[in-house]
Amino acid sequence: MALFTQQTRKDDPFVRPEGKPEPAAEPEPFAAPVPPPAPITLRSVERSAPPTSSSPTARLSESVVAAGLTIEGKIEGAGNVRVAGRFKGNVSVKGEVTIEPGASIDGEVKAETVFVAGEVRGQIVSSSLIEFKESGTLVGDLKAGSLTVVAGSKMRGRVEFGWKDGELDSADGSLDSR
């Protein structure tokens, strides 16, 4: 026994042409949203803050190895790299490499500009500038166009700076002959 009369309109999209309403569909069972994939440990971000140097590479995108992560492998390409965690392997980029305080790289670092506030165990080669912050540490060799060292930083190894490419090989007083 019906307690009310059902009226339908002709323009109702759920009404069949015969004037009978469409039977109600069963509600779909609740489906939990699919979680996004695990975050990638190396990510690219555009710089929002002004670059720390006036080099043309300061406008490139920046890849970040986040704090608390340990990554082993190789990084190559054009762009800037910021290491806040631990990286084992070689880094070779046409851009800037920044090693944050508490971070470490165990391998060779080649870049146009390198900022060291963490620890590097290996060789650092820069065509432009290497800058050591107060907490920066290097156990290995260094070769740079220009070198800035802040009091409190530590280095153990061979250092060459101020030479242009090829200039060191032709110099009479090279470090190898001493």
ask   = What do you get when you divide the Cα radius of gyration of segment 58-161 by 2.2 N^0.38 Å, with N the number of residues?
value = 0.94
From phi via Karplus (6.51, -1.76, 1.60), per-residue ³J(HN,Hα) for segment 149-158 in Hz, x at Gly/Pro = 10, 8, 4, x, 6, 10, 9, 9, x, 8
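Each reported figure results from applying straightforward, stated rules to the coordinates on display, with no laboratory input. Everything quoted here is computed from the prediction, not taken from an experiment.
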